[in-house]
Amino acid sequence: MSRSSDDTISPQLRLAIDRKIASLLTAIEQEKVPDRLTDLAVQLQTALVEKRRCKAQKDA
């Protein structure tokens, strides 16, 4: 949501949205993450770090 649209909603609606987001985040945090998904996330993180390092070396 852009900042300008944030200014057009009522404080009550904004609070309701914030509560819904908090509720969803809590539910997500309580979900069991399959080991395969965790492994893939770690591999992705490693690949992104490598890419960043390559780009930094190229730009240096």
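Considering only protein heavy atoms and a probe of 1.4 Å, how much of the accessible area of the chain is carbon and sulfur, as a whole percent?
Details: 3430 of 5830 Å².
Accessible surface attributable to carbon and sulfur in the chain totals 59 percent.
Can you give the Rg and Dmax of the stretch 3-56 based on its C-alpha atoms, in angstrom?
18.3, 47
Could you give the length gained on full extension between LEU15 and ALA27, defined as 0.36 nm per residue of separation minus the Cα-Cα distance, in nm?
Stretched out fully, the LEU15 to ALA27 stretch lengthens by 2.5 nm.
List the lysines whose Cα lies under 22 Å from the Cα of LYS32, skipping any in the same chain that are fewer than 8 positions away.
Partners within reach: LYS20.
Can you give me the accessible area per residue for the chain, using a 1.4 Å probe, in Å²?
Values: 5830 Å² over 60 residues.
Accessible area per residue: 97 Å².
The values are calculated or read from the model by the stated rules, or taken from the named source; none is laboratory data. Bear in mind that the values here come from a model prediction, so they are computed numbers and not experimental data. Surface areas here come from the heavy atoms of the whole protein model, side chains and all, with no ligands, DNA or RNA. Shrake-Rupley method; radii C 1.70, N 1.55, O 1.52, S 1.80 Å.
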